[in-house]
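The values are calculated or read from the model by the stated rules, or taken from the named source; none is laboratory data. Only a predicted model underlies this, so the values are computations on that prediction, with no experimental measurement involved. Here the Cβ positions follow ideal geometry from the backbone for every residue, glycine too, while neighbour counts run over all protein chains shown. Surface accessibility is based on the protein's heavy atoms, side chains included, excluding ligands, DNA and RNA. Shrake-Rupley method; radii C 1.70, N 1.55, O 1.52, S 1.80 Å.
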Amino acid sequence: KPQLVASNDRFCRFLEEYCPVVTETYYPTIWCWEGRVQTLLRPFITSRPQVQYRNELIKTADGGQISLDWFDNSDSLYYPDASTRPTVLLLPGLTGTSKESYILHMIHQSETLGYRCVVFNNRGIAGEDLLTPRTYCAANTEDLEAVIHHVHSLHPAAPFMAAGVSMGGMLLLNYLGKTGRDTPLMAAAIFSAGWNVFESVESLEKPLNWLLFNYYLTTCLQSSISRHRQMLEKLFDMDLVMKARTVREFDKQFTSVMFGYRTIDDYYEDASPCRKLKSVGIPVLCLNSVDDVFSPGHAIPVETAKQNANVALVLTSCGGHIGFLEGIWPRKCTYMDRVFKQFVQAMFEHGNKIFSM
């Protein structure tokens, strides 16, 4: 069974009643239960539901643009009125977009419940041009704030939630820690977030993890910016950035410099959501596996979570990073998908009961 960490008894009772998956025994796929294997295989094993998006480009205050992919769910039987149709904002991982299989599955789950979804693609990675020499990072929440304000202004009467995966979850947590209760979001779900960036990069620099994940992730980061080389060369020595062989080297030469940090340690400290968790002011459910090499179990802020009545952690012993595969042939629904579906439905349809139980 997963470990449910929450200081608020009412939040616990709410989850047990309306999101019972968090108390069920999680049985990982027996032939790939190890965390690294789950992490590696999930993108290849899980299906990719067909989703028809409507793209929108919005302008930012600094002259840049952000690509949003909308799933309007116009045929929703449960919520035919678009003005009050519940909306879920989805934040993919570090180099992820609306095309990731885990995002497609979240949209598929939302579709069956009648909800609308919008995917926040970070600058420059979803095919759109960079209009300014700026991309994104886990610590800077300005673009996310602009997106949340934009989506809420379009549908001010619609219940509004967000779900973030991996770096998307870190960014969402950092936003919630900054805004407290001053947000149009009613709740949030976080999956496989890296809680302490120092511990995450140290874990990823162990020889086997570097070979399996770190080097590949670094090349993905380099690939995501190489298309914008002409724009970025105005500020960066791109030859040096392209020589990075670890995420830490990339962040040292590129990310921390772009966002004005004096050192990479200053950036990593600011990007670590564990430092902001105590300030979160809305109900948040966070799912992590303790065998996730991207977010090692010992770095999950269990004691800090116990000090905030709005926070619940669900910790599984297996599942890897965005893995959570279950069943003999885990093509479709993962444990993470089921947690997402039950939690958003619980909040949208019974959220008013959370503090009255």
Expressed to two decimals, segment 281-357 has a Cα Rg over Rh, using the Kirkwood radius, of 1.02
So ASP81 and LEU235, fully extended at 0.36 nm per residue minus their Cα-Cα distance, gain in nm 50.7 nm
Simple spin-label estimate for ARG245/GLU56, 7 Å along Cα→Cβ, in nm, reads 4.6 nm
Normalised per residue, the volume inside the convex hull of the alpha-carbon atoms of the chain in Å³ amounts to 125 Å³
Stokes-Einstein, Kirkwood over Cα pairs, segment 102-246, 25 °C, 0.890 mPa s; D in µm²/s equals 141 µm²/s
When the chain is treated as a Gaussian network with springs between alpha carbons less than 10 Å apart, the largest mean-square fluctuation among GLY297, GLY323, GLY169 is found at GLY297
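At 222 nm, what value in deg cm²/dmol follows for the chain if DSSP H runs of at least 4 each add -39500 (n - 2.57) and the sum is divided by all its residues, to the nearest 500?
On the way: 13 runs with 120 residues, N = 357.
Value at 222 nm, helices only, nearest 500: -9500 deg cm²/dmol.
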When the charge dipole of the chain is computed with +1 on Lys and Arg Cβ and -1 on Asp and Glu Cβ about the Cα centre, the Cα farthest towards its positive end, among TYR136, ALA312, ILE107, belongs to ILE107
Nearest-0.05 FRET efficiency for ASP129 and ARG13 at R0 = 41 Å, using Cβ-Cβ distance, is 0.25
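At a 1.4 Å probe, what is the % contribution of carbon and sulfur to the accessible area of the chain?
Details: 7780 of 14790 Å².
Accessible surface attributable to carbon and sulfur in the chain totals 53 percent.
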A student asked for the Cα radius of gyration and Dmax of segment 102-174 in angstrom ought to give 13.4, 40
Expressed as a whole-number percentage, the relative contact order of the chain with C-alpha contacts under 8 angstrom and at least six residues apart is 28 percent
Taking a ≥ b ≥ c as the square roots of the eigenvalues of the Cα gyration tensor, with a/c under 1.5 meaning rounded and otherwise prolate when a/b exceeds b/c and oblate if not, segment 43-163 is oblate
Of the residues THR183, MET242, GLY35, the Cα lying farthest along the dipole of the chain towards its positive end, which is defined by charges on the beta carbon of Lys, Arg, Asp and Glu, belongs to GLY35
Note: segment 197-271, point scatterers on Cα, Debye, no solvent; log10 I/I(0) at q = 0.24, 0.26 Å⁻¹ equals -1.13, -1.23
Residue-normalised value, i.e. accessible area per residue, for the chain at 1.4 Å probe, in Å², stands at 41 Å²
With a 28 Å threshold on alpha-carbon distance, the violating pairs from LYS99/LYS353; LYS206/LYS332; LYS1/LYS306; LYS206/LYS234; LYS206/LYS252; LYS206/LYS341 are LYS99/LYS353; LYS206/LYS332; LYS206/LYS234; LYS206/LYS341
Candidates GLU24, GLU202, GLU16; GNM for the chain (alpha-carbon contacts under 10 Å) flags as most fluctuating GLU24
GNM of the chain, Cα pairs under 10 angstrom: of PRO43, PRO28, PRO92, the biggest fluctuation goes to PRO43
Distance in nm between ASP72 and SER317 label points, each 7 Å along Cα→Cβ, equals 4.9 nm
Here D for segment 1-104, in µm²/s, from Stokes-Einstein with a Kirkwood Rh over Cα pairs at 4 °C and 1.567 mPa s, works out to 72 µm²/s
